[in-house]
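Have a look at the structure below before the remarks.
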Amino acid sequence: MSEDAVEHHEWESSPWPLVLSVGILFFAPFAFSMYFVYDSLFMSVVCLGIGVPLILISVIGWAKESIGPINMYTKEQGLGTPAMPLFILAEAFIFIGFLVAYWVLRLTADVWPPEGSPHIGYTTPIVMTIILVSSSITMHFAEHKLEHDDRKGFIGFLVVSIILGAIFLGLSASEWSHLLHGGFTTSTNIFGSVFYSITGFHASHVVVGLCMFLAALLMALSGSISKTYVKSISMYWHFVDIVWFFVVSQVYFW
Amino acid sequence: MSGSKGGIGKFLREWIFTIDHKRVGILYLIGSLAAFAVAGLMAMLMRIELSSVGPTITDPNTYNVWLYFHGAAMILGFQIPALTGFFANWLIPLQIGAKDVAFPRLNALSLWLFWMGIVLALLTFVVPNPPDIMWTAYPPYSILSPGNTAFYSFTVLIMGFASIAGGVNLITTIIYMRAPGMRWGKLNMFVWCTMAAFILQLIFVPILGTAVTMISMDKYLGTTFFSPTSGGDVLLYQNLFWFYSHPAVYVILLPVLGIIFDIVATFARNRIFNYKVAVYGGVGGILLVSGEVWIHHLYASGMPNWIRIGMMMSTLLISVPVGLCVLSIIGTLYRGAIEFKTPMLYAVGFIFLFLIGGLTGIPLALAALDIFIHDTHFIVAHFHYVMAVAGTFSIIGGIYYYWPKFTGKMYNETLGKIGFVITFIGVNITFFAMFFVGLEGMPRRYFDYAQMPQLEDGQRLVTYGAFILAVGFLIILISWLHSLFAGKPAPDNPWGSKSLEWTTTTPPGPGNWPEVPDCEDFDPYGYGE
Amino acid sequence: MRRRFYPLLSLLMVFGLAGLSSAQSEGGHYPTAGAIPDIVEGYNHLWREVMIDITIIGILFALVTLYFLFAYRRKRPNQEGKPVKLSKAAMLGWAFIPIFVFMADDLYLGAKGWTLWNTYRTPPENAYEIQLESAMWSWKFKYAGGVETYNELRVPAGKPILVRMTSADTIHSLFIPDFKVKEDSMPGRVTYLWFYPKEVGEHLITCAEYCGMLHSNMSGKVIAMEQGAFDSWLASEQAALTEGGA
Ligand code: HEA
Ligand code: HEA
Ligand code: CUA
Ligand SMILES: [Cu+2]
């Protein structure tokens, strides 16, 4: 939008928020209820087929609009960094909710671990912790590089972070499939519920983080990357890392 | 509303795709009033059903779905979005001298997610096996129920996410985008109150999110959080739920108080009485105490005895900060020059209705007394007075107050006053009678009361009241439609208010002011000499 | 601070002080040791007191509001208010005096509520115990010797009754309005309530926690019988049970 738009006082608009929310409506509630409530795999896939493209289109469209001067009336680009902690505060309370549920259930249980829980090895979580912490560190370096306008260095460290994050997810998935094949499922006992939901929620945060990293990578490759965006996502990534300490210490090692 | 010439495409772009905070706000308002109208319709149907012993117009299953929709839509679809969506969005940038909110696109995303939540909630009436689990959705029933619990969970999650995004957005806006010279010490009460409400949202909504996620996981994904046979605990849900839903009532109350403060100051042409104490003691106090009282919803649920006693004391103490706010509101009238325009009538009505509703919270807070009245219509009467009536009066008063600004048209004062009088009479008949029905032992969420036929007269009175009420709301609606189509153009500042939002043009254009106003010598309550 | 406010302020303070002092003097109002405390009477007493308390507060605030609305109505067009400029002392006074008064009232009511609450939650030692298992949508009462009744809670009159409850499916809530008691029953936990049927008679039981379609139909009766009649009823039920079992 150009200077002369300001003079003519145009209403600003963007179709992407609307498209994105319609996409989310199909992607989550509709697809989920079609499959789990109304037992129709077909309709569920149809809903996903509508939802996923809508989400992708709108995210890309949104990202495109965000390059360059976003809005003539606000300092949008500058405020991402202070806004992220607020968002992280809310996110933290999601994990607090799950952890409190876990503590309450565990501390009032007669025996722990409840019958039927497998022994979960310590090696995988230790390796996962090391990987996630390293990715946090590499992300920090990436941010640092960008601060000094070293785009190449930034891309390098970012790619390393993404790879580490992906390895983390892979380990998590292989552990899940190992446990599931061993007959330990969400409904085995209360530990199964807690284990899968807490690690699952954490993993979903890793996925979100990785998506944001990919977006940053695309932006960096196309030559326009905003420093506040990178600051926010790296803040988010450190948060995911810190949450993992809680997950690991509470779920695996306690 | 300003020029939508230039064809349907332009209209679509400027309204449906808008990311301007004022238009986003108005779209919030439309959605929340739609939720109010449908949920109000359900209330009328429920009242007809309850007006006589025995099945009157429907069967228990349908009644339960109506009641589910009524409770969930009124709170999640009407009041919270009207207050933290419409008023906060539309008003806060205008009151702090910003040209828009910090993240306009995110703002539009919140709006449309809220609308998707409304769509999801309305689907209750078309899908097979609609949810019938009440807005509290206690397990195990919400897990055993044949109804579609997933819709409830997702409605809450989607609207919850919209609230969180809105909270992040507006708190950032308030902190970083105040006009030069707009210091903390002279913000409008509404800004303070709403900021406190958003802080509550950021902290507590995620907990509600985990609670409803857990019920859907239990029901559909096989987890056992709330299933005692596999190590779960049914009371865990109630604690998580009320840990959010008690603060949620202050998420409603705080902006409601903020609107009342601003209306009263304008029409009494007076400063807020003891502004600092209202902000730090009143609003701050509510913020501090609201998270430590949720057990008062669980007095009869079999929680350990000591925790019920502890939370009883903190519940009682809520009356202190709320009382400070009430004192400031009433004190603002003192030595004022009060003008009884329609918005002011609603504000005055609010004071009386809130006193009734808030003070009846005191017997509820006393665990021993609550044991008898818990889950009877006495509770229903309490929260209708304090939330459904006082809260709605504040919202309607606020809409009348800002009507000239956001539509550019004046409303008809006579119609407005008639609407007020009729609703005021209606609510008092409806909900005052309901207290007595409750004291007779009528449990809530009852489709029928064949065991207590002696309650029929009382129930009928409540129903009559509800009809008067509905007529009142109809007149309000007519007065708004009348104004939209036949209202006189409004001046920039019809009330002579000193507040910043009235200094811009009517209705405000894109960017709100041509220049960001300089607020060095500005005082939103600078009345008198 | 203006002169007009003094009467209101002193009224509020007298009220709060009176509250504090009477809380002290009535500390031990409800008998606990020995005699069986009467929940219904204690309830009615506290209820009356709270109603008086909140009515006074409500009327006080409402009258002041009405007076202000009348006295400070706009008398000529474009009249402006005359805001009070509070000095620092007045500002703090208008914060701490109300805080003190409101808290005094809260603590007073809290103390009384606490006493009654303890009565509610401490069943007398000689209470007659009955088990309850609720299910959608009926009440199953279990007596000594395996006797079971549905939706009829037969109890001996003149004896405190303790009901220990749990639930087979979802949450229900045993509500006996005449005795002012209510407690949820739920799967996986045992809860209790007690009440004291002084005389022979019948009392309604309803379910107060939403439990699905027939929630509103889930009612029953407390039937308080003479001790003798109750004993012979229980004996004959037990006999019928052993016969049936044999
Ligand atoms: C906007 C909404 C709102 C607000 C503001 C309140 C305010 C209060 N509520 Fe209410 N409440 C609800 C909405 C609200 N409530 C809802 C929706 C439910 C039911 C949910 C459900 O089950 O579905 C409920 C249920 C509810 C219960 C649970 C009842 C039960 O289920 O058994 C209790 C118990 O303590 C309670 C207490 C209070 C108290 C003490 C206040 C206090 O904040 C009130 C404070 C105000 C005053 C006291 C008046 C003004 C003050 C003065 C004049 C100062 C002097 C006064 C004194 C010193 C006493 N409420
Ligand atoms: C803000 C919230 C809110 C509002 C405004 C209302 C408004 C009303 N409520 Fe509701 N109510 C709740 C929140 C609210 N309620 C909640 C949370 C519950 C508990 C649910 C549960 O147990 O889970 C409840 C439960 C509840 C019950 C208890 C049922 C039971 O337990 O069995 C009853 C019974 O009478 C009732 C009645 C009413 C009535 C008559 C109104 C009237 O005020 C409604 C009047 C409105 C209309 C008649 C709309 C029609 C208006 C027009 C057509 C005009 C056009 C509209 C515009 C102006 C835009 N409500
Ligand atoms: Cu059983 Cu309601
Ligand atoms: Cu509450």
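Can you say whether B:Tyr280 is part of a helix (DSSP H, G or I), within 14 Å of chain C (Cβ to nearest Cβ), aromatic (Phe, Trp, Tyr) and over 21 Å from B:Phe154 (Cα atoms), as far as the supplied structure shows?
So B:Tyr280 fits the description; yes.
Any residue in the stretch B:279-291 that is at pLDDT below 90, of a type outside the set (A, V, I, L, M) and within 16 Å of ligand 4 (Cβ to nearest atom)? Yes: one or more hits. Among the residues of the stretch B:58-69, those that are within 16 Å of ligand 3 (Cβ to nearest atom) and either surrounded by fewer than 24 Cβ atoms within 10 Å (Cβ to Cβ) or hydrophobic (A, V, I, L, M, F, W, C) (or both) comprise B:Pro60, B:Asn61, B:Leu67.
Do we find that B:Tyr237 is more than 25 Å from B:Tyr400 (Cα to Cα), within 14 Å of chain C (Cβ to nearest Cβ) and touching a residue at least 12 places away in the same chain (Cβ under 8 Å) in this structure? So B:Tyr237 fits the description; yes. When each of B:Glu515, B:Glu456 is tested for being without any contact (Cβ under 8 Å) to a residue 12 or more places away in the chain and either within 14 Å of chain C (Cβ to nearest Cβ) or over 20 Å from B:Ala388 (Cβ atoms) (or both), the lone residue that passes is B:Glu515. If you go through the stretch A:13-55 and keep only what is at the interface with chain B (Cβ under 9 Å from one of its Cβ atoms), farther than 23 Å from B:His21 by Cα and not in a helix (DSSP H, G or I), you end up with A:Val37, A:Tyr38. Summed over the stretch B:70-99, residues that are surrounded by 24 or more Cβ atoms within 10 Å (Cβ to Cβ) and either of a type in the set (Gly, Ala, Ser) or at pLDDT 95 or above (or both) total 7. Per the listing A:Ile162, A:Ile167, A:Ile155, A:Ile137, the residue uniquely without any contact (Cβ under 8 Å) to a residue 12 or more places away in the chain and on the phi < 0 side of the Ramachandran plot is A:Ile137. State which residue is nearest to the other protein chains (Cβ to nearest Cβ) when the search covers only the stretch C:138-180 and only residues that are polar (S, T, N, Q) and more than 21 Å from the chain's Cα centre (by Cα). Filtering the stretch C:138-180 for residues that are polar (S, T, N, Q) and more than 21 Å from the chain's Cα centre (by Cα), the one nearest to the other protein chains (Cβ to nearest Cβ) comes out as C:Thr170.
As a summary of the residue check, C:Trp139 satisfies the conditions (1) more than 16 Å from ligand 3 (Cβ to nearest atom); (2) at pLDDT 90 or above; (3) not polar (S, T, N, Q) except for the one numbered (1). Here B:Gly458 passes the criteria (1) among the small types (Gly, Ala, Ser); (2) surrounded by fewer than 17 Cβ atoms within 10 Å (Cβ to Cβ); (3) within 13 Å of ligand 2 (Cβ to nearest atom) except the one numbered (2).
Every condition in (1) more than 16 Å from ligand 2 (Cβ to nearest atom); (2) within 12 Å of another protein chain (Cβ to nearest Cβ); (3) of a type outside the set (S, T, N, Q) holds for C:Met213 except the one numbered (1). For the stretch B:316-330, does any single residue satisfy the condition of being part of a helix (DSSP H, G or I), more than 29 Å from C:Leu107 (Cβ to Cβ) and in contact with a Ser or Thr (Cβ under 6 Å, 6 or more places away or on another chain)? No: zero hits.
Residue-level check: of (1) over 21 Å from B:Phe161 (Cβ atoms); (2) away from ligand 1 (no atom under 16 Å from the Cβ); (3) within 22 Å of the chain's Cα centre (by Cα), B:Trp66 misses just (2). Could you check, for the stretch B:79-91, whether at least one of its residues is out of contact with any Lys or Arg (no Cβ under 8 Å at 6 or more places or on another chain), outside any helix (DSSP H, G or I), more than 14 Å from chain A (Cβ to nearest Cβ) and over 30 Å from A:Tyr38 (Cβ atoms)? There is no residue in the stretch B:79-91 that is out of contact with any Lys or Arg (no Cβ under 8 Å at 6 or more places or on another chain), outside any helix (DSSP H, G or I), more than 14 Å from chain A (Cβ to nearest Cβ) and over 30 Å from A:Tyr38 (Cβ atoms). Residues that are in contact with a helix residue (DSSP H, G or I) (Cβ under 7 Å, 6 or more places away or on another chain) and either of a type in the set (Val, Ile, Thr) or within 16 Å of ligand 3 (Cβ to nearest atom) (or both) were ranked within the stretch B:438-461; the one that is nearest to B:His382 (Cα to Cα) is B:Arg444. Just the residues that are surrounded by fewer than 24 Cβ atoms within 10 Å (Cβ to Cβ), more than 21 Å from the chain's Cα centre (by Cα) and among the aromatic types (Phe, Trp, Tyr), please, taken from the stretch B:100-141. Correct list: B:Phe125 only.
Against the numbered list (1) farther than 30 Å from C:Leu162 by Cβ; (2) away from ligand 1 (no atom under 14 Å from the Cβ), C:Asp106 comes up short only at (2). With respect to (1) under 30 Å from A:Phe32 (Cα atoms); (2) modelled with pLDDT of 90 or more; (3) buried (at least 24 other Cβ atoms within 10 Å of the Cβ); (4) away from ligand 1 (no atom under 16 Å from the Cβ), the lone exception for B:Leu202 is condition (3). Selection of first residues in the stretch C:195-215 that are more than 14 Å from ligand 3 (Cβ to nearest atom) and of second residues that are of a type in the set (Phe, Trp, Tyr), restricted to Cβ pairs under 8 Å at least 6 apart or on distinct chains, gives the following pairs, ordered by first then second residue: C:Phe195/C:Phe179; C:Tyr196/C:Phe179; C:Pro197/C:Phe179; C:His203/C:Phe179.
Any residue in the stretch B:373-380 that is within 12 Å of another protein chain (Cβ to nearest Cβ) and of a type in the set (A, V, I, L, M)? There is at least one residue in the stretch B:373-380 that is within 12 Å of another protein chain (Cβ to nearest Cβ) and of a type in the set (A, V, I, L, M).
Residue-wise test of (1) at pLDDT below 90; (2) out of contact with any Ser or Thr (no Cβ under 9 Å at 6 or more places or on another chain); (3) surrounded by 18 or more Cβ atoms within 10 Å (Cβ to Cβ).
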position	(1), (2), (3)
A:Trp16	yes, no, yes
A:Ile24	no, yes, yes
A:Pro29	yes, no, yes
A:Ile60	yes, yes, no
A:Ala109	yes, yes, no
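Any residue at all in the stretch B:258-266 that is within 15 Å of ligand 4 (Cβ to nearest atom) and surrounded by 23 or more Cβ atoms within 10 Å (Cβ to Cβ)?
no
If I filter the stretch A:192-201 for residues that are in a helix (DSSP H, G or I), facing another protein chain (nearest Cβ under 9 Å) and over 14 Å from B:Gly222 (Cβ atoms), do I get at least one hit? The answer is yes, given that some residue of the stretch A:192-201 is in a helix (DSSP H, G or I), facing another protein chain (nearest Cβ under 9 Å) and over 14 Å from B:Gly222 (Cβ atoms). If only one of B:Leu236, B:Leu287, B:Leu221, B:Leu316 is under 30 Å from C:Ala90 (Cα atoms), surrounded by fewer than 23 Cβ atoms within 10 Å (Cβ to Cβ) and away from ligand 2 (no atom under 16 Å from the Cβ), which one is it? On inspection, the qualifying residue turns out to be B:Leu287. The condition of being more than 14 Å from chain C (Cβ to nearest Cβ), away from ligand 4 (no atom under 16 Å from the Cβ) and either of a type in the set (Phe, Trp, Tyr) or closer than 19 Å to B:Gly281 by Cβ (or both) does not hold for B:Gly222.
Out of C:Tyr192, C:Tyr210, one residue alone is more than 16 Å from ligand 1 (Cβ to nearest atom), in contact with a helix residue (DSSP H, G or I) (Cβ under 9 Å, 6 or more places away or on another chain) and not assigned by TED's automatic domain parsing to the domain that holds C:Gly42. It is C:Tyr192.
The values are calculated or read from the model by the stated rules, or taken from the named source; none is laboratory data. Everything quoted here is computed from the prediction, not taken from an experiment. Don't worry about glycine lacking a Cβ; one is built from the backbone with ideal geometry, like all the others, and counts go over all protein chains shown.
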